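The values are calculated or read from the model by the stated rules, or taken from the named source; none is laboratory data. These figures come from a predicted structure and were not determined experimentally. Neighbour counts are summed over all protein chains in view; Cβ atoms, including those assigned to glycine, are modelled from backbone coordinates with ideal geometry.
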Amino acid sequence: MARVQNNPEYADPVIREPSPISSVGSIHGPDQTSLSDSEGQLDQWAFERKWNDRLELGRATREEELANIDPLITRPTTAIEERILFERILRNLRAKIAELEDDELFEQALLRGSQAGLEDYTIPTDIDALMQGMMLTTNASGTTTLGPWNHGPLRFDTSLHDTNNDPPSPPPPRAAKRTRAKGKSRR
């Protein structure tokens, strides 16, 4: 088929194959629309309202509700409420610091670039060692590496504005960091 020269300002036309013969005269089964959704029972407005209510399309999401919460914290009246508020704020600050540390590590890894070409790989000649290295062990199957890639969108404690006065859950344990003073060696 000869190609027609088009004006270069416009894209070339899409030339498609015709529909397959089997789809032209295809026969479908009977309509399985429920009786409550049929056009004889409901008009268009009632049908749309029914499914909007059922799918809760008009309801605000959790993120939208949290965005509408007043950011000012009310002054607690008792010492217990003050302690609970203090612990929640401290937990949120620790979570935010952990997130910022994770982001910083991730950005440093991105700036450093891939080191895959610099690593020296030795090809094992022992088939048993090769197969053993490819199999999962029971210890490795249950562990995950912490980082920004395996946390959900809501990592922080959003219970600052809860109406119930349940005691807060303890914060997750943090890995201890080891530091050495400069100039001192381990011996």
Query raised in the report: Within the range 62-69, can one find any residue that is over 24 Å from the mean Cα position of the chain (by Cα) and loosely packed, with under 10 Cβ neighbours inside 10 Å?
Result: no
Requested in this report: Pick out the one residue from Thr144, Thr122, Thr158, Thr138 that is touching a helix residue (DSSP H, G or I) at 6+ places or on another chain (Cβ under 7 Å), exposed (fewer than 10 other Cβ atoms within 10 Å of the Cβ) and either at pLDDT 75 or above or of a type outside the set (A, V, I, L, M, F, W, C) (or both).
Outcome: Thr144
Query raised in the report: What tally of residues in the range 101-119 results from selecting those that are at pLDDT 90 or above and exposed (fewer than 10 other Cβ atoms within 10 Å of the Cβ)?
Result: 1
**Report entry** Hits in the range 72-100 - residues which are in contact with a helix residue (DSSP H, G or I) (Cβ under 9 Å, 6 or more places away or on another chain) and surrounded by 12 or more Cβ atoms within 10 Å (Cβ to Cβ)
**Finding:** Pro76, Leu85, Arg88, Ile89, Asn92, Glu99
Requested in this report: Answer yes or no: is there a residue in the range 37-45 that is over 26 Å from the mean Cα position of the chain (by Cα), at pLDDT 85 or above, exposed (fewer than 10 other Cβ atoms within 10 Å of the Cβ) and part of a helix (DSSP H, G or I).
Outcome: yes
